[in-house]
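Below is one structure; the comments refer to it alone.
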Amino acid sequence: QGKLVESGGGLAQPGGSLRLSCTGSGFTFRAYGMSWYRQAPGKERGFVASITPGGGMTYASSVKGRFTISRDNDKNTVYLEMNALKPEDTAMYYCTQTILDYWGQGTQVTVSS
């Protein structure tokens, strides 16, 4: 059974930066695309970014130009670099492999002054 563990969330000021990490185990990490989703209080979980096994990236329009997804297959880790953070980025962020339906436990990101 696969497992995903996120880290790196926390409190940031508007305009600040955070870097999330997600390490996978129990499956062939390099063979699968990986994604980040987020869920704000009272809202549905929504897509943030994804990266294919070959490194192709896709972003939600709300984060394009501010967030960068990347992966290190040697470390079985996918990253989400978040810059120019806004209060509306406040949410629980989840790492996922949607085909295998693996989800991490989530890491909280709060953007507030």
For the range 45-62, what does the Karplus curve 6.51 cos²θ - 1.76 cosθ + 1.60, with θ = phi - 60°, yield as ³J(HN,Hα) per residue in whole Hz, taken in order and with x for Gly and Pro? 5, x, 5, 10, 6, 9, 9, 7, x, x, x, x, 10, 9, 10, 5, 4, 5
Roughly how many percent of the accessible protein surface of the range 30-113 is carbon and sulfur, given a 1.4 Å probe and a whole-percent answer? 48 percent
Probe 1.4 Å, heavy atoms of protein chains only: per residue, the accessible area of the chain in Å² is 51 Å²
Tell me which residues come under 5 Å, amide H to amide H, from TYR102 once H is placed; ignore anything under 5 positions away on its chain. GLN97
³J(HN,Hα), Karplus 6.51/-1.76/1.60, whole Hz, each residue of the range 16-33, x for Gly, Pro: x, 9, 9, 10, 9, 10, 9, 10, x, 8, x, 8, 7, 3, 5, 8, 10, x
Quick calc, SER112 & ASN73: beta-carbon distance into FRET formula, R0 41 Å, rounding 0.05, result 0.75
To the nearest µm²/s, what D does Stokes-Einstein give for the range 1-47 at 37 °C and 0.692 mPa s, using the Kirkwood radius over alpha carbon pairs as Rh? 252 µm²/s
Over the chain, what is the mean sequence separation of C-alpha contacts under 8 Å (at least six apart), divided by residue count, expressed as relative contact order in percent? 37 percent
What does the net charge come to around ARG30 if you take all other residues with beta carbon closer than 11 Å to its beta carbon, with K and R at +1 and D and E at -1? 0
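The values are calculated or read from the model by the stated rules, or taken from the named source; none is laboratory data. Fair warning: this is a prediction, and the values are worked out from it, not measured in the lab. Because the Cβ atoms are built from the backbone with ideal geometry, glycine has one as well, and the counts that use them run over all protein chains shown. With ligands, DNA and RNA removed, areas are computed over all heavy atoms of the protein, side chains included. Shrake-Rupley method; radii C 1.70, N 1.55, O 1.52, S 1.80 Å.
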